[in-house]
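Visitor: Got a structure for you, questions after.
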């Protein structure tokens with residue numbers, strides 16, 4: 001059964017003078033969902049997250065969390081949101097424990113319950129053995145992990161992750177992924193924004209793609225992949241003509257030959273098509289010289305929809 005949305009974004013528009021940063025963005029996120037947000041620089045992602053996190057107002061449209069409008073004045077609903085910004089939001093002169101305590105108290109926490117929560121978070125982010133060390137001595141990866149800890153200290157219902165692995169070493173990245181998956185499986189809804197398409201593809205169930213302030217696609221990963229077909233590229237010997245003649249009669253695939261005499265097939269069902277090609281090769285007594293396949297990825301879909309690399 002589909003879960004009810006907790007975050008609803010409806011026709012958001014944000015203008016900065018003559019510049020329209022958001023142009024009618026609408027989507028919803030359900031409780032416990034891992035929602036990916038992709039777009040090239042300047043697409044409007046940061047503006048969108050700033051509105052959802054109650055930092056700025058939209059020009060028109062609305063965003064609500066549990067039916068409550070998200071606005072800079074609504075302090076109560078802001079307590080349901082955790083944010084990991086692109087830049088470090090920590091106090092270098094304080095220890096990891098002191099940073100967590102400070103931010104916990106900002107959310108009204110205190111006493112034994114806060115101390116217990118700090119211990120749990122330090123353990124979860126792998127910094128329990130560095131709890132009393134000054135944050136200024138931490139590596140970039142350790143700071144990013146502590147940034148996550150600060151964002152979840154108050155156990156928010158919605159977590160916004162804005163480029164959470166920037167400047168992070170592979171070991172810290174894996175630790176972050178493990179903790180992100182754990183809190184998501186425990187029921188926390190997450191919006192994950194990253195320049196690394198592979199991260200979004202591996203973590204998120206549903207993905208939105210933005211460009212020029214608009215949402216140009218938003219769907220489950222497998223549905224987004226249907227924007228592109230798989231490709232089978234191969235060479236045969238001695239003469240591919242009989243095989244090509246048989247293949248071009250089919251209406252479920254696209255067949256073409258390349259300048260270097262290879263055959264390319266675009267198809268929806270790559271495994272089924274491969275079996276059928278092999279059967280034809282045996283029937284026509286042709287030898288397979290080379291074979292490679294290319295299946296759609298989220299990065300391919302992104303490039304197809306936006307026509308540009310993610311870091312443009």
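Visitor: I'd like to verify a number: residues in the stretch 70-82 that are at pLDDT 95 or above and not in a loop (DSSP other than H, G, I, E, B), how many?
Guide: Total meeting the criteria: 2.
Visitor: Moving to a separate point now. For the condition touching a residue at least 40 places away in the same chain (Cβ under 8 Å), part of a loop (DSSP other than H, G, I, E, B) and more than 18 Å from the chain's Cα centre (by Cα), what is the one hit in 156, 164?
Guide: 156
Visitor: While we're here: Since residue 279 meets every condition but one in (1) loosely packed, with under 13 Cβ neighbours inside 10 Å; (2) closer than 24 Å to residue 165 by Cα; (3) modelled with pLDDT of 95 or more, which condition does it not meet?
Guide: Evaluating residue 279 over (1) loosely packed, with under 13 Cβ neighbours inside 10 Å; (2) closer than 24 Å to residue 165 by Cα; (3) modelled with pLDDT of 95 or more leaves (2) as the failure.
Visitor: If you don't mind, there's one more thing I want to ask. Looking at the stretch 246-275, which of the residues that are surrounded by 17 or more Cβ atoms within 10 Å (Cβ to Cβ) and without any contact (Cβ under 8 Å) to a residue 24 or more places away in the chain is farthest from residue 291 (Cα to Cα)?
Guide: 253
Visitor: Go through the stretch 15-31 and count every residue that is surrounded by 15 or more Cβ atoms within 10 Å (Cβ to Cβ), part of a strand (DSSP E or B) and in contact (Cβ under 8 Å) with a residue 60 or more places away in the chain.
Guide: 8
Visitor: For the stretch 174-282, which fully contained strands (runs of 3 or more DSSP E) count at least 2 residues that are more than 30 Å from residue 60 (Cα to Cα)?
Guide: 230-237, 254-257, 263-267
Visitor: Here's something else I'd like to know. Can you tell me which of (1) modelled with pLDDT of 95 or more; (2) surrounded by 20 or more Cβ atoms within 10 Å (Cβ to Cβ); (3) in a loop (DSSP other than H, G, I, E, B) is the one residue 109 doesn't meet?
Guide: For residue 109, the exception is condition (2).
Visitor: While we're on this one: So residue 190 ticks every box in (1) out of contact with any helix residue (DSSP H, G or I) (no Cβ under 7 Å at 6 or more places or on another chain); (2) more than 30 Å from residue 288 (Cα to Cα) but one. Which box is left unticked?
Guide: The failed condition is (1).
Visitor: Ok, one more. Among the numbered criteria (1) outside any loop (DSSP other than H, G, I, E, B); (2) surrounded by 15 or more Cβ atoms within 10 Å (Cβ to Cβ); (3) touching a residue at least 12 places away in the same chain (Cβ under 8 Å), which one does residue 54 miss?
Guide: Among (1) outside any loop (DSSP other than H, G, I, E, B); (2) surrounded by 15 or more Cβ atoms within 10 Å (Cβ to Cβ); (3) touching a residue at least 12 places away in the same chain (Cβ under 8 Å), the lone unmet condition for residue 54 is (1).
Visitor: Let me ask something else. Taking the options 144, 130, 173, name whichever one is more than 29 Å from residue 297 (Cβ to Cβ) and in contact with a helix residue (DSSP H, G or I) (Cβ under 8 Å, 6 or more places away or on another chain).
Guide: On the way: 144 fails: more than 29 Å from residue 297 (Cβ to Cβ); 173 fails: more than 29 Å from residue 297 (Cβ to Cβ).
Testing whether each residue is more than 29 Å from residue 297 (Cβ to Cβ) and in contact with a helix residue (DSSP H, G or I) (Cβ under 8 Å, 6 or more places away or on another chain) leaves just 130.
The values are calculated or read from the model by the stated rules, or taken from the named source; none is laboratory data. Since this is a predicted model, take the numbers as computed values, not measurements. Counting neighbours? That spans all protein chains shown, and the Cβs are built from the backbone with ideal geometry, glycine included.
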